[in-house]
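Visitor: Provided herewith is a single structure, encoded as structure tokens, for subsequent inquiry.
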Amino acid sequence: MNNKLEMLRIFSVAAENLSFKETAVKLSISPQAVTRAIKELENLQGELLFHRNTRHMQLTHFGHRLFDKAKPLIKEFDALFERNAEEANEGLAGKVRIAAPLGFGRSVVTPIVVQLLKKYPDINIELMLSDKRADVVEERIDIGLRIGFIRDNRFIVKKIGQIEFFVVAAPELIQQLGSPQTPSDLHHLPTSSVLDPGTGRTWPWYFKSANELHSFNSRIVFDDAEAEFKAALDGLVFAQVPSFLANKELNNKTLIRVLKEYDPEPWTLFIYRPQRGPVPKRVRVIFDELVSNISNSGI
């Protein structure tokens, strides 16, 4: 047995119990392993540690001295790992900064974060919702969510879902103006657009086969996808909206999908974290929780 600390541990338990059999039971090892460890330790020390006969067993004078020295050393060693375990649990405390797109963050991420705060009371979360692309270094982002694509190969990136986009309108607006049969029919209907905060221009509407339709004379322009969605729900406009906003109202039939055969390819939803090296336990835990909850949310 090459592990001298383990020999000392076996010896200490044997010294406390004065029985190799009880020592084996307490340490979940064989009696032969106990005997072997004591013999090796005696050889290393050049002294007998126990006086033994068929009935009795007691420590030698040298055994007493070694036990007195070994006991606090083993206790200190065990305490070291107890502290490490406590520190590991303490790792589930502190701040985690999460960046997410505005509409997706409000609709999907915020309810999940509320539940995580209840589950992990010592973790504080800063949830930064914006349609501007976050500067992960300057803003000290721990975890980010992004729809579309990620080109930065410094990130740890995981695909966790797909976002569909539907053209929708309220039933009363369709009843009043009719349903478009092709994307070009939208030029003659009231539509809405959303500003891209990065460019200041309106986002194009996307359709099947990567066709884009830019030139709508939008009746109203928003800087917030949720506000655009509300305008469609109120019967003001036809709008192209993401599935995480539309699904509930489509199921309730308060919105109607049109131009289904022209729906664009779904966009990929990514979760990422910038660090490739050691990552705090709280960040790893929240990252995994977001992956699990969003993947199972049916967005």
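Derivation of every value follows stated rules applied to the coordinates shown; laboratory data play no part. Since the structure is predicted, the reported quantities are computational estimates derived from the model, not experimental observations. Cβ placement follows ideal geometry from the backbone for every residue including glycine, while neighbour counts extend to all protein chains displayed.
Visitor: By how many degrees, 0 to 90 and rounded to 10, does the Cα axis of helix 61-90 deviate from the longest principal axis of the chain?
Guide: 10 degrees
Visitor: Roughly what angle does helix 4-17 make with the longest principal axis of the chain, taking Cα atoms, 0 to 90 degrees, to the nearest 10?
Guide: Roughly 60 degrees, rounded to the nearest 10.
Visitor: Sticking with this one: For segment 165-265, compute the number of Lys pairs whose alpha carbons are separated by less than 20 Å, excluding pairs fewer than 8 positions apart on the same chain. Please report the intermediate quantities before stating the final value.
Guide: Numbers: K208/K260; K230/K248; K230/K253; K248/K260.
Lysine pairs, 8 or more places apart or on different chains, close enough: 4.
Visitor: For the peptides 57-70, 29-42, what is the packing order when you average, over each peptide's residues, the other Cβ atoms within 10 Å and list the highest mean first?
Guide: Per-residue Cβ counts within 10 Å, averaged per peptide and sorted highest first, yield 29-42, 57-70.
Visitor: Between L127 and E261, what's the calculated FRET efficiency when r is the beta-carbon distance and R0 is 30 Å? Round to 0.05.
Guide: Working: r = 37 Å, r/R0 = 1.25.
The computed FRET efficiency comes out at 0.20.
Visitor: What pairs from K71/K281; K21/K75; K26/K281 go past 27 Å between their alpha carbons? Numbers along the way, then the final one.
Guide: Working: K71/K281 33 Å; K21/K75 23 Å; K26/K281 33 Å.
Going by Cα-Cα distance, K71/K281; K26/K281 fall outside the 27 Å limit.
Visitor: In Å and whole numbers, how far do the C-alpha atoms of segment 165-265 stretch along each principal axis, longest first?
Guide: 35, 25, 24
Visitor: Can you tell which of V109, N247, L290 lies farthest toward the positive end of the dipole of the chain, using +1 and -1 charges on the Cβ of basic and acidic side chains (Lys, Arg; Asp, Glu)?
Guide: L290
Visitor: How large is the Kirkwood hydrodynamic radius of segment 4-90, in angstrom, based on all distinct alpha carbon pairs? Numbers along the way, then the final one.
Guide: Working: mean 1/r = 0.0730 Å⁻¹.
Evaluated over segment 4-90, this radius sits at 13.7 Å.
Visitor: Two decimals, Cα atoms only, Kirkwood Rh: what is Rg/Rh over the chain?
Guide: Details: Rg = 33.2 Å, Rh = 24.7 Å.
When Rh is taken as the Kirkwood radius, the ratio is 1.35.
Visitor: If you don't mind, there's one more thing I want to ask. Angle, helix 243-252 long axis vs. longest principal axis of the chain, Cα atoms, 0 to 90°, nearest 10?
Guide: With both axes taken from Cα atoms, the answer is about 70 degrees.
Visitor: Something else now. With bins 10 Å wide starting at 0, give me the P(r) of segment 227-299 over every alpha carbon pair, in whole percents.
Guide: Per 10 Å bin, starting at zero, the Cα-Cα P(r) for segment 227-299 comes out as 14, 35, 24, 18, 8, 0 percent.
Visitor: Right, another one. To the nearest 500 deg cm²/dmol, what mean residue ellipticity at 222 nm is calculated for the chain from DSSP H runs of n ≥ 4 alone, each contributing -39,500 (n - 2.57), summed and divided by the residues? Let's see the in-between values first.
Guide: Details: 9 runs with 118 residues, N = 299.
The helix contribution divided over the chain gives -12500 deg cm²/dmol.
Visitor: Order of 285-295, 103-113 by packing, highest average Cβ count within 10 Å first?
Guide: Working: 285-295: 17.4, 103-113: 18.9.
The peptides rank, most packed first, as 103-113, 285-295.
Visitor: Across segment 94-210, what fraction of all alpha-carbon pairs, as a whole percent, falls in each successive 10 Å bin from zero upward?
Guide: 10, 32, 30, 18, 10, 1
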